[in-house]
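A quick write-up on the structure given underneath.
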Amino acid sequence: MSTEAKCSKPACDKFTAINELAKRRGFFWPSFEIYGGSGGFVTYGPLGTRLKQNVEAKLREIFVKKIGIYEMESSVIAPGKVFEASGHVDHFKEPMVECQNCHHRFRADHLLEEKGISSAEAEKMSLDEIAQEIEKHVVVCPDCGGKFGAPTRYLTMFETTIGPYAGSVGYGRPEAAQNIFVEFNRLFIAARERLPFGTIQLGHALRNEISPRQGLIRLREFTIADLEFFFDPEEPGCNVLKEVENEVLPILLCETRLKECEDTTDLTVREALDRKIIRSEWQAFFMAMAKRLLIELGVPAEKQRFIEKLTWEKAHYSSQSFDQEVLVDRWGWIEVSGHAYRTDYDLSCHMKASGVDLTVYKEFATPVEQEELTVKPLMAKLGPVYKGEAAKVAALLAKVPAQEVADAMQKQGFYMAGNYQVFKEQVEIGKQKTIVRGTRFIPHVVEPSFGSDRLFYVAFEYAYGVKDNRVVMSFPRNIAPIQVGVYPLMSKDGLDTKAVEVQRLLANEGFMVEYDETGSIGRRYARADEAGVQLGITIDYDSLTDDTVTIRDRDSWQQVRGAINDLPKLLHEYFEGKKNFEQMGDIIKS
Ligand SMILES: [Zn+2]
């Protein structure tokens, strides 16, 4: 695996440098190393776990707190029926080839991509066409140079059995959306039976990838955040659209892609909707919010784009899809979120498969009067003919549409209710007026879906920088894994005691604080910069007499002097974004 390569010079490939730093500083590393590792699994260490929590907190801040999306948490394993109904068992497959020499297996579309065949093209190919392309481009095994056998389609869900019964098939969820759909009725009640509403689930998902080789970008076990937003298709308007109307979305349109061009078209949310490039207002709203999320994670707008999915690239459930992509150093554009208009696909599937009503009742503004055709069995006529079975005949008639009976009577003078021939004179066909007060329908769904590990990765890569030959992880201030480092200039003469006091004070104020007294102050600053510690507070000999400290900024390396008593207020204002570093005190000239 290329991530294994040792790289101490910041000048080499960023992906390699990042992975080396991540291992050394305990952000993340490949799991199960003592047993030789297992591809596609990752372990987040102390700093990484915290950073991931902060990235996810950002996502929750925007979608749960600000927009008011509900959250839920359900199981990773689901009975087979769930993924049979959702279509995953049939569709969640990837083309695979096996080397006939070393028997290693690979994603055929990924191998073709290296030969310049886009994933868009590969995705619409049949297995035969894939085989032809492999032959034509002389694609051989990357591990041994061997020839490949015929491609097959491989189900990328982890299959298991639930309990001790072999017949009880279960799957590890490849996404977190189905939990939301199968719990729809209860979630709808929890949402006080009102549309629109959205539910998000953040949790682990499993995909048994054929050959994951991209570190955090492609994992077999990963964290996903699926947000399902339910609305009435007859009232599809987004009531908060104004907040994002002028947000510019750089979109790589289908029509552009078909010309094999990569130019994006900058459209405001309003323009994209007016030109019907995005069909759902809610979908456009979530795309704009996704762009803002990435900016908050440190990815500038110009390093983001949305790519409209071609018909054959769309997931089986989607009527319109966009992927949000971020430009990264090693892999080019990678997907960080998907935005699909799932219509009523999922609820319909689960309703059909489970037999449980998943519709929503809507009252009309004004009740509608409808005339209804009725078929009334005349028992006095049916009785003598069918004797004891007359009631059964009447019951059969009650189950069929009245129109069907009326049509048959008019056409042929009788109707076959099961095996019973019923004649015109044995029923009375009439009309009845009813007041209809409402109707039942299946809500539509738009889904933004984020890969948490990818959000982590892009935040990590965009934070990575080199200053004076040293690595500085410049995380946005509210996702930095450690907010404040506290350092005694020397670990003696009472400086350490004083520093511990400051550390306790700030920890009790709710800050994520780290105390470090080992090594020279320069080395400690360098370590802190690599870990992305936002501010450093140094206790020196003056601190003992006047109760002031220096505060150091990670990115500019500038320092200000402040009173210990003022620190809680000052730091709260800084981390809430109300003050910049320069506003925290007079910059010390060095
Ligand atoms: Zn091979």
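The values are calculated or read from the model by the stated rules, or taken from the named source; none is laboratory data. From a predicted model like this one, the values you see are computed outputs, not experimental measurements. A quick note on method: Cβ atoms are made from the backbone with ideal geometry, for glycine too, and the neighbour counts reach across all protein chains shown. Please note that ligands, DNA and RNA were not included when accessible areas were found on the heavy atoms of the full protein model with its side chains. Shrake-Rupley method; radii C 1.70, N 1.55, O 1.52, S 1.80 Å.
With respect to the numbered conditions (1) outside any strand (DSSP E or B); (2) over 19 Å from residue 587 (Cβ atoms); (3) open to solvent by 60 Å² or more (accessible area, probe 1.4 Å), which one is the sole condition not fulfilled by residue 542?
(2)
Just to verify a result, which residue in the stretch 78-105, among those that are within 16 Å of the ligand (Cβ to nearest atom) and open to solvent by 10 Å² or more (accessible area, probe 1.4 Å), is nearest to the chain's Cα centre (by Cα)?
Among those that are within 16 Å of the ligand (Cβ to nearest atom) and open to solvent by 10 Å² or more (accessible area, probe 1.4 Å), it is 96.
Inside the stretch 219-234, can you point out the residues that are assigned to a loop (DSSP other than H, G, I, E, B) and surrounded by 22 or more Cβ atoms within 10 Å (Cβ to Cβ)?
219
Please enumerate the residues belonging to the stretch 319-332 that are modelled with pLDDT under 95 and open to solvent by 20 Å² or more (accessible area, probe 1.4 Å).
319, 329, 330, 331, 332
Report yes if residue 163 is on the phi > 0 side of the Ramachandran plot, within 16 Å of the ligand (Cβ to nearest atom) and out of contact with any Phe, Trp or Tyr (no Cβ under 6 Å at 6 or more places or on another chain), otherwise no.
Details: on the phi > 0 side of the Ramachandran plot: yes; within 16 Å of the ligand (Cβ to nearest atom): no; out of contact with any Phe, Trp or Tyr (no Cβ under 6 Å at 6 or more places or on another chain): yes.
For residue 163, the condition - on the phi > 0 side of the Ramachandran plot, within 16 Å of the ligand (Cβ to nearest atom) and out of contact with any Phe, Trp or Tyr (no Cβ under 6 Å at 6 or more places or on another chain) - is not met.
So, in the stretch 168-198, exactly how many residues are under 12 Å from the mean Cα position of the chain (by Cα) and of a type outside the set (A, V, I, L, M, F, W, C)?
2
Give the residues of the stretch 515-539 that are β-branched (Val, Ile, Thr) and open to solvent by 10 Å² or more (accessible area, probe 1.4 Å), sorted by residue number. Spell out the reasoning first.
From the stretch 515-539, those β-branched (Val, Ile, Thr) are 518, 521, 533, 537-539; that's our starting set.
Listed by number, the residues that qualify are 518, 521.
What helices (runs of 4 or more DSSP H) lie completely within the stretch 345-444 and have 1 or more residues being aromatic (Phe, Trp, Tyr) and either at pLDDT below 90 or within 30 Å of residue 81 (Cα to Cα) (or both)?
Passing ranges, in order: 345-354, 379-386.
Within the set of pairs 6 or more residues apart or between chains, which connect a residue that is at negative phi and hydroxyl-bearing (Ser, Thr, Tyr) inside the stretch 140-160 to a residue that is open to solvent by 70 Å² or more (accessible area, probe 1.4 Å) and more than 8 Å from the ligand (Cβ to nearest atom) with Cβ atoms less than 7 Å apart?
Filtered contacts from the stretch 140-160: 154/93; 156/93; 160/77.
Taking the stretch 237-255, which residues are out of contact with any strand residue (DSSP E or B) (no Cβ under 7 Å at 6 or more places or on another chain) and not charged (D, E, K, R)?
Answer for the stretch 237-255, where residues must be out of contact with any strand residue (DSSP E or B) (no Cβ under 7 Å at 6 or more places or on another chain) and not charged (D, E, K, R): 237, 238, 239, 240, 241, 244.
Do we have any residue at all in the stretch 51-72 that's acidic (Asp, Glu), open to solvent by 40 Å² or more (accessible area, probe 1.4 Å) and within 16 Å of the ligand (Cβ to nearest atom)?
Taking the stretch 51-72 as the starting set, the residues that turn out to be acidic (Asp, Glu) are 56, 61, 71.
Subsequent filtering for residues that are open to solvent by 40 Å² or more (accessible area, probe 1.4 Å) retains 61, 71.
The next check asks that each one be within 16 Å of the ligand (Cβ to nearest atom); those that pass are none.
Within the stretch 51-72 (the criterion being acidic (Asp, Glu), open to solvent by 40 Å² or more (accessible area, probe 1.4 Å) and within 16 Å of the ligand (Cβ to nearest atom)), the answer is no, since none of the residues qualifies.
Is there any pair linking a residue in the stretch 102-117 that is over 18 Å from residue 154 (Cα atoms) to one that is away from the ligand (no atom under 15 Å from the Cβ), with Cβ under 7 Å and at least six apart or on different chains, and which?
Going by the 7 Å Cβ cut-off, the qualifying pairs are 113/119; 113/122; 115/137; 117/133.
Tell me, which residue of the stretch 111-148 that is of a type in the set (Val, Ile, Thr) and within 13 Å of the ligand (Cβ to nearest atom) is most open to solvent (accessible area, probe 1.4 Å)?
So the residue we want is 140.
Let me confirm something: among 480, 406, which residue is crowded, with 22+ Cβ neighbours inside 10 Å and in contact (Cβ under 8 Å) with a residue 24 or more places away in the chain?
480
Looking only at residues that are part of a loop (DSSP other than H, G, I, E, B) and at pLDDT below 90 in the stretch 93-124, which one is nearest to residue 315 (Cα to Cα)? Let's see the steps before the verdict.
Quick first cut of the stretch 93-124, residues part of a loop (DSSP other than H, G, I, E, B) only: 100-104, 114-118, 124.
With the extra rule that they be at pLDDT below 90, the set shrinks to 114-118, 124.
On the way: 114: 23, 115: 24, 116: 23, 117: 20, 118: 17, 124: 12 Å.
Checked the stretch 93-124; the qualifying residue nearest to residue 315 (Cα to Cα) is 124.
Residue by residue through the stretch 447-471, note down the ones that are assigned to a strand (DSSP E or B) and over 21 Å from residue 58 (Cβ atoms).
Passing the criteria: 466, 467, 470, 471.
Every residue in the stretch 244-292 that is assigned to a helix (DSSP H, G or I), acidic (Asp, Glu) and in contact (Cβ under 8 Å) with a residue 24 or more places away in the chain, please. Write out each step before concluding.
Step one: of the stretch 244-292, the residues assigned to a helix (DSSP H, G or I) are 254-258, 269-274, 281-292.
Next, only the ones that are acidic (Asp, Glu) stay: 255, 271, 274, 281.
Hit for the stretch 244-292 is 281, nothing else.
Would you check which residues across the stretch 245-259 are surrounded by fewer than 17 Cβ atoms within 10 Å (Cβ to Cβ), modelled with pLDDT of 95 or more and among the aliphatic types (A, V, I, L, M) and list them?
The answer is 248, and nothing else.
Within the stretch 41-72, which residues are hydrophobic (A, V, I, L, M, F, W, C) and in a helix (DSSP H, G or I)?
Result: 47, 51, 55, 57, 59, 62, 63, 64.
Just wondering, is there one or more residues in the stretch 501-514 that are in contact with a Ser or Thr (Cβ under 6 Å, 6 or more places away or on another chain) and surrounded by 15 or more Cβ atoms within 10 Å (Cβ to Cβ)?
no
Could you list, in sequence order, the residues of the stretch 483-495 that are touching a residue at least 12 places away in the same chain (Cβ under 8 Å), open to solvent by 40 Å² or more (accessible area, probe 1.4 Å) and within 11 Å of residue 541 (Cα to Cα)?
Matches in the stretch 483-495: 489, 493.
For every residue, the table says whether it meets (1) touching a helix residue (DSSP H, G or I) at 6+ places or on another chain (Cβ under 9 Å); (2) over 16 Å from residue 77 (Cα atoms); (3) open to solvent by 10 Å² or more (accessible area, probe 1.4 Å).
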{"residue": "153", "(1), (2), (3)": "yes, yes, yes"}
{"residue": "159", "(1), (2), (3)": "yes, no, yes"}
{"residue": "182", "(1), (2), (3)": "yes, no, yes"}
{"residue": "186", "(1), (2), (3)": "no, yes, yes"}
{"residue": "189", "(1), (2), (3)": "no, yes, yes"}
{"residue": "192", "(1), (2), (3)": "no, yes, yes"}
{"residue": "208", "(1), (2), (3)": "no, no, yes"}
{"residue": "236", "(1), (2), (3)": "yes, yes, yes"}
{"residue": "243", "(1), (2), (3)": "yes, yes, yes"}
